[in-house]
Amino acid sequence: GDSVTQMEGPVTLSEEACLTINCTYTATGYPSLFWYVQYPGEGLQLLLKATKADDKGSNKGFEATYRKETTSFHLEKGSVQVSDSAVYFCAHGSSNTGKLIFGQGTTLQVKP
Amino acid sequence: DAGVIQSPRHEVTEMGQEVTLRCKPISGHDYLFWYRQTMMRGLELLIYFNNNVPIDDSGMPEDRFSAKMPNASFSTLKIQPSEPRDSAVYFCASSFRTSGTGTGELFFGEGSRLTVL
């Protein structure tokens, strides 16, 4: 069935380090792909998205490219900040059903 | 604009009691989702509605769980009777699917943290 697999956390980085969080998916058809972020005590909020192959989503210095050939949507940032500490969720959505399937989440901790 | 509103934010109850969680989606959104988040299982989709009609409830764990959406601005998730393993954060989310562009963005509420003793 449809699923999303993320790299396990927690990921601990120093400020200004490079970040990559891997995400791969299995799906029928051509889903839209998303990264959501959850800050402590809050609900999830959309970070970026891509709706078709080779699209690049970007926001707040984060980027992810929709790779159909490798069924991946890895999240990257060139220089992380302490304020980026949060849980990051990869997800894919079906244009047929309207629902999102989430990965298990990856906790990022950035130390000063 | 008001976002998705959930209540209560925190609920502590004893095993066997009935629990009702409430959600008010964003006005104009036609999809509503209930998710459960735990450390062990992550974020699980329980049920979702389209235009107030339940579309997929395959994620509802047991008959003890039920959800309703009597109108476009209100939904409830009920657990009766509650058990300690139901302890989790329950999120409601809503979205508006724009035709031709696939799945619309989900807007999440702040969640209801349930503790069943």
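Using a simple charge model, +1 on the beta-carbon of Lys and Arg, -1 on the beta-carbon of Asp and Glu, nothing else, what dipole does the protein assembly as shown show about its Cα centre, in debye to the nearest 20? Can you show the working numbers first?
Values: 20 positive and 25 negative charges, 49 e Å.
Taking the Cα centre of the protein assembly as shown as origin, the dipole is about 240 debye.
For region B:20-117, which trypsin sites (Lys or Arg not before Pro) are in a loop by DSSP, counting at most 16 other Cβ atoms within 10 Å? Kindly include the intermediate steps, with their values, before the conclusion.
Details: sites: B:R22, B:R36, B:R41, B:R64, B:K68, B:K78, B:R85, B:R97, B:R113; in loops: B:R41, B:R64, B:R97.
Here the trypsin sites (Lys or Arg not before Pro) that fit, given the DSSP loop and packing criteria, are B:R41, B:R64.
By count of other Cβ within 10 Å, fewest leading, how are A:T106, A:T65, B:T20 ordered?
Going from sparsest to densest Cβ surroundings: B:T20, A:T65, A:T106.
Which residue, B:S95, B:N50, B:A2, has the largest displacement toward the positive end of the dipole of chain B when charges sit on each Cβ (Lys, Arg +1; Asp, Glu -1)?
Looking along the dipole axis, the top candidate is B:A2.
How big is the charge dipole of region A:24-87 about its Cα centre, in debye rounded to the nearest 20, if each Lys and Arg gets +1 on its Cβ and each Asp and Glu gets -1 on its Cβ?
Numbers: 7 positive and 7 negative charges, 25 e Å.
My answer is approximately 120 debye.
Where does the charge balance sit around A:A50 when Lys and Arg score +1, Asp and Glu -1, over other residues with C-beta under 15 Å from its C-beta?
Numbers: positive: A:K49, A:K52, A:K56, A:R67, A:K68; negative: A:D54, A:D55, A:E63, A:E69, A:E76, B:E105.
Around A:A50, the surrounding residues sum to -1.
If amide hydrogens are placed 1.01 Å from N in the peptide plane, which non-local residues have theirs closer than 5 Å to the one on A:S85?
Amide H neighbours of A:S85, under 5 Å, 5+ apart: A:V110.
Compute the distance in nm between two label points, each set 7 Å from the Cα along the Cα-to-Cβ direction, one at B:Q17 and one at B:Q80.
A separation of 1.6 nm, rounded to one decimal place.
Output the relative contact order of chain B, whole-number percent, from Cα pairs under 8 angstrom with separation of 6+ residues. Walk me through the numbers on the way to the answer.
Working: 291 pairs, mean separation 42.5, N = 117.
Averaging sequence separation for qualifying contacts and normalising by length gives 36 percent for chain B.
Give the shape of region A:34-112 as rounded, prolate or oblate, defined through the alpha-carbon gyration tensor: a ≥ b ≥ c are the square roots of its eigenvalues, a/c under 1.5 means rounded, and otherwise the shape is prolate if a/b is larger than b/c and oblate if not.
Working: a/c = 2.30, a/b = 1.43, b/c = 1.60.
Judged from the Cα gyration tensor, region A:34-112 comes out oblate (a/c at least 1.5, b/c at or above a/b).
Return A:H74, A:H92, B:H10 ranked ascending by Cβ neighbour count within 10 Å, so the fewest neighbours appear first. Working shown, then result.
Working: A:H74 18, A:H92 25, B:H10 11.
If I rank by nearby Cβ atoms, fewest first, I get B:H10, A:H74, A:H92.
Region A:1-105: which GluC sites (Glu not before Pro) are DSSP loop and have at most 11 other beta-carbon atoms within 10 angstrom?
Details: sites: A:E8, A:E15, A:E16, A:E42, A:E63, A:E69, A:E76; in loops: A:E8, A:E15, A:E16, A:E42, A:E69.
Hits after loop and neighbour filter: A:E8, A:E16, A:E69.
Throughout, read-outs are computed from the coordinates displayed, never taken from laboratory work. These figures come from a predicted structure and were not determined experimentally. For neighbour counting, all protein chains shown are included, and Cβ atoms are generated from backbone atoms with ideal geometry for every residue, glycine included.
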